[in-house]
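Before any comments, here is the structure.
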Amino acid sequence: MTPLARRTAPPASRTAPPASRTASFVSRVAAGAASGAVRVFLVLAGLFWLLPTIGLLVSSLRSSSDIAAGGWWQVFAAPARLTTENYAHLLANETITGSLVSTVLITVPATLLVLALGSFAGYAFAWLDFPGRDWWFLGVVALLVVPVQVALVPVSKLFGAVGLFETTLGVVLFHTAFGLPFAIFLLRNFFAEIPRELLEAARLDGAGEIRLFTRVVLPLGGPAIASLGIFQFLWVWNDMLIALIFADSQSPPITVALQQQVRQFGNNVDVLAPGAFVSMVVPLVVFFAFQRQFASGVMAGAVK
């Protein structure tokens, strides 16, 4: 080929066959359609998941006569009939307001105790050497399969003997005891993934075990601790079995208080609907507030 021909010939890499461009365009359209379909499906799934909450919210804003007349979806025919009087009745009901306070007094300490004790124990099992460490950890793992129902009778006798039966402290201790095995198992496995070189460098700089735990391990374990906190909070807040047995009957948690109101459903429907919505919306707020940390904790360790 002459020099003139080489200069005038178009570069082969700059031209693509029409069939290749068509296939690329079709693949982009298919990928866009697939992603759009996935998004639509996720939106519909989210709306379907929130449908009971939406229905409960609408019911809490309807009068007793409207609730008795038909389902909550009838509100779309007469949205002006919505009212906040039910929430005024809820605030005036000392049983429900007191049960919300009792629920907070049980849930917050039970969650914080599990996080604190589980973090200390998880760090100890992951990085401290002590006699029988592996056997102790095996015992903790074995406790994961013990159902709560097995311990109801013996713990009831124990609490009755020491004066903790039907007390807030007794419920907190029960939730803490049954929440610790999972907390220790989760946090130990997460802390064990921390690079050993990082801990050794901190020790060379003069950091003791307490400072190493608070300044290095806890910040790195934030996502796992947040995920554990969400699980524990939701479990304790929504619990009814343990509260029904061990809680004070004069100031029960919200789940037990609502169950007691169901016995008089015809007279207390204006209190049940807003009370149930408040009981449901608090865990939802906690979950959505910490969903970023929850996702990070769930995916931690999945990708190196």
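The values are calculated or read from the model by the stated rules, or taken from the named source; none is laboratory data. Not measured: the values here are computed from a predicted model. Every residue, glycine among them, receives a Cβ derived from its backbone with ideal geometry; neighbour counts consider all protein chains shown. In case anyone asks, the SASA skips ligands and DNA or RNA and just uses the protein heavy atoms, side chains included. Shrake-Rupley method; radii C 1.70, N 1.55, O 1.52, S 1.80 Å.
Which members of segment 200-211 meet the condition of being without any contact (Cβ under 8 Å) to a residue 12 or more places away in the chain and open to solvent by less than 50 Å² (accessible area, probe 1.4 Å)? Spell out the reasoning first.
Looking only at segment 200-211, we keep the residues that are without any contact (Cβ under 8 Å) to a residue 12 or more places away in the chain, and these are 200-201, 203-208, 210-211.
Scanning segment 200-211 gives Ala201, Ala207, Gly208.
Conditions (1) of a type in the set (A, V, I, L, M); (2) farther than 17 Å from Ala183 by Cβ; (3) at pLDDT 85 or above, marked per residue:
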| residue | (1), (2), (3) |
| --- | --- |
| Gln232 | no, no, yes |
| Leu241 | yes, yes, yes |
| Leu244 | yes, yes, yes |
| Ile254 | yes, yes, yes |
| Gln259 | no, yes, no |
| Val262 | yes, yes, no |
| Phe265 | no, yes, no |
| Val269 | yes, yes, no |
| Pro274 | no, yes, yes |
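Any residue in segment 127-147 that is under 22 Å from Gly221 (Cα atoms) sitting within a Cβ distance under 9 Å of a residue that is open to solvent by less than 90 Å² (accessible area, probe 1.4 Å) and of a type in the set (Gly, Ala, Ser)? List the pairs, counting only those 6 or more apart or interchain.
Trp127/Ala192; Arg133/Ala124; Val140/Ala121
Given the options Arg188, Arg133, Arg196, name the one that is at pLDDT 90 or above, open to solvent by 50 Å² or more (accessible area, probe 1.4 Å) and out of contact with any Lys or Arg (no Cβ under 8 Å at 6 or more places or on another chain). It would help to see each step written out before you state the result.
Details: Arg133 fails: at pLDDT 90 or above; Arg196 fails: at pLDDT 90 or above.
Criteria check complete, one pass: Arg188.
Of all residues in segment 173-196, count the ones that are farther than 23 Å from Ala151 by Cβ and among the aromatic types (Phe, Trp, Tyr).
Final tally of qualifying residues: 2.
Can you find, within segment 70-85, the residue that is farthest from Gly275 (Cα to Cα) among those that are out of contact with any Ser or Thr (no Cβ under 8 Å at 6 or more places or on another chain) and outside any helix (DSSP H, G or I)?
Ala78
Being part of a helix (DSSP H, G or I) and in contact (Cβ under 8 Å) with a residue 24 or more places away in the chain is the filter; apply it to segment 159-169 and report the residue that is surrounded by the most Cβ atoms within 10 Å (Cβ to Cβ).
At the first step, the residues of segment 159-169 found to be part of a helix (DSSP H, G or I) are 159-162, 168-169.
With the extra rule that they be in contact (Cβ under 8 Å) with a residue 24 or more places away in the chain, the set shrinks to 159, 168.
On the way: Phe159: 20, Thr168: 18.
Checking each candidate, the answer is Phe159.
Would you tally the residues in segment 186-209 being among the aliphatic types (A, V, I, L, M), under 30 Å from Leu234 (Cα atoms) and part of a helix (DSSP H, G or I)?
Residues in segment 186-209 being among the aliphatic types (A, V, I, L, M), under 30 Å from Leu234 (Cα atoms) and part of a helix (DSSP H, G or I): 2 in total.
Does Ala88 satisfy the criteria of being open to solvent by 30 Å² or more (accessible area, probe 1.4 Å), assigned to a helix (DSSP H, G or I), among the hydrophobic types (A, V, I, L, M, F, W, C) and modelled with pLDDT under 90?
Numbers: open to solvent by 30 Å² or more (accessible area, probe 1.4 Å): yes; assigned to a helix (DSSP H, G or I): yes; among the hydrophobic types (A, V, I, L, M, F, W, C): yes; modelled with pLDDT under 90: yes.
Judged against the criteria, Ala88 is a match.
What are the pairs with Cβ atoms under 9 angstrom where one residue, in segment 170-185, is free of Cβ contacts under 8 Å to residues at least 24 places away in the same chain and over 11 Å from Trp235 (Cβ atoms) and the other, located anywhere, is open to solvent by 40 Å² or more (accessible area, probe 1.4 Å) and of a type in the set (A, V, I, L, M, F, W, C)? Sequence gap at least six, or different chains.
These pairs meet every condition: Leu173/Leu113.
So which of Ile54, Ile67 is at pLDDT below 80 and either open to solvent by less than 60 Å² (accessible area, probe 1.4 Å) or part of a helix (DSSP H, G or I) (or both)?
After ruling out the rest, the residue left standing is Ile67.
Residues to consider are Gln250, Gln232; find the one that is closer than 26 Å to Thr107 by Cα and under 20 Å from the mean Cα position of the chain (by Cα). It would help to see each step written out before you state the result.
Details: Gln250 fails: under 20 Å from the mean Cα position of the chain (by Cα).
Selected residue: Gln232, the only one of Gln250, Gln232 that is closer than 26 Å to Thr107 by Cα and under 20 Å from the mean Cα position of the chain (by Cα).
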